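This is the structure I want to talk about, given as structure tokens.
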Amino acid sequence: MISIIIPVLNEARALPATLHTLSKAKGPFEIIIADGRSSDATRAVAAPYGRVVDCEPGRARQMNCGASQARGNVLLFLHADVLFPPDGIAAMNKALANGGVIGGNFSIDYEGGNLTSRIFSRINRWRRPFGIFYGDSGIFLRREVFEALGGYRELPLMEDYDLARRMVRTGRTLCLKEALRVSARRWEEHGLLRTMLAWVALHLCYYLKLPTRWWGWLYPDIRRGDGKKAVTCRPRQGSPDCFPSDR
């Protein structure tokens, strides 16, 4: 069975669309919502879809916490603002039927349909053959591999990239052609140039092992946590589903 672990903190706006697409996925799986003390309606939104577990705040801590509660032999870590493909579970099972594959991630299509979204979607495809991928692409791996690697290192940021690099060094990983539809709220909120510069700066911090207290300042949180329970959605092009808007 696959355990889908979603770390959340004040994600009542984004989470409904993600959970709705997961409810349409085919195959055996469980959903674990690793809540880092949300102050909005996140827990109420999540409860009908899976188990909500209380965790210490921090994405890495929350994902490790969720993994410790998982019953599956495969772990999938999803962000709270993605749309999951209906055949995603089947694709993972097919990939992992090969005993030489330890895990991988999904292709990405950024929402919006504009030039920026298309460019970023293409960049993700170009860099994946070099073993470069991040948490927004839905990292999955065998449970025993996750445990052997010691789970996520408790970094304030870049914990997903760090795990991905360790996975690539450990064994064979695959990028599934089935794509996650990923929110563009990061650059919509902070602007494209600032987002790109922050991305570059974070990689420098990671590789130069600079003090982690700088990292959060470089890459501020886009979750507002204002306690509002309403979910505002805008239609997806070519899809009857809605996607959360933070505007």
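Filter segment 28-57 for residues that are among the polar types (S, T, N, Q) and either surrounded by fewer than 19 Cβ atoms within 10 Å (Cβ to Cβ) or under 11 Å from Ile4 (Cα atoms) (or both) and give the result.
Of everything in segment 28-57, just one residue is among the polar types (S, T, N, Q) and either surrounded by fewer than 19 Cβ atoms within 10 Å (Cβ to Cβ) or under 11 Å from Ile4 (Cα atoms) (or both), namely Ser39.
Hey, another quick one. Could you say which residue among Ala34, Ala17, Ala60, Ala12 is among the small types (Gly, Ala, Ser), out of contact with any Lys or Arg (no Cβ under 8 Å at 6 or more places or on another chain) and outside any strand (DSSP E or B)?
Matching residue, one of Ala34, Ala17, Ala60, Ala12: Ala17.
Closer than 19 Å to Thr21 by Cβ, open to solvent by 20 Å² or more (accessible area, probe 1.4 Å) and either at pLDDT below 95 or not hydrophobic (A, V, I, L, M, F, W, C) (or both): does that describe Asn93? So that I can check it myself, show each step before the final result.
Working: closer than 19 Å to Thr21 by Cβ: yes; open to solvent by 20 Å² or more (accessible area, probe 1.4 Å): yes; either at pLDDT below 95 or not hydrophobic (A, V, I, L, M, F, W, C) (or both): yes.
Yes.
While we're here: Tell me the residue from Gly104, Gly66, Gly72 that is assigned to a loop (DSSP other than H, G, I, E, B), at pLDDT 95 or above and open to solvent by less than 10 Å² (accessible area, probe 1.4 Å), please.
Gly72
Yes or no, residue by residue, for (1) in contact (Cβ under 8 Å) with a residue 40 or more places away in the chain; (2) part of a strand (DSSP E or B); (3) closer than 16 Å to Phe77 by Cα:
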position	(1), (2), (3)
Pro7	yes, yes, yes
Thr21	yes, no, yes
Arg43	no, no, no
Pro48	no, no, no
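Does at least one position in segment 8-29 carry a residue that is out of contact with any Cys (no Cβ under 7 Å at 6 or more places or on another chain) and within 24 Å of Met167 (Cα to Cα)?
Checked segment 8-29: at least one residue is out of contact with any Cys (no Cβ under 7 Å at 6 or more places or on another chain) and within 24 Å of Met167 (Cα to Cα).
Next question. I'm trying to understand the selection: among the residues of segment 32-86, which are of a type in the set (Phe, Trp, Tyr) and touching a Ser or Thr at 6+ places or on another chain (Cβ under 7 Å)?
Of everything in segment 32-86, those that are of a type in the set (Phe, Trp, Tyr) and touching a Ser or Thr at 6+ places or on another chain (Cβ under 7 Å) turn out to be Tyr49, Phe84.
The values are calculated or read from the model by the stated rules, or taken from the named source; none is laboratory data. What you see is a predicted model; the values in this text were computed from it and never measured. For neighbour counting, all protein chains shown are included, and Cβ atoms are generated from backbone atoms with ideal geometry for every residue, glycine included. Just so you know, the surface numbers come from the protein's heavy atoms only, side chains and all, with ligands and any DNA or RNA stripped out. Shrake-Rupley method; radii C 1.70, N 1.55, O 1.52, S 1.80 Å.
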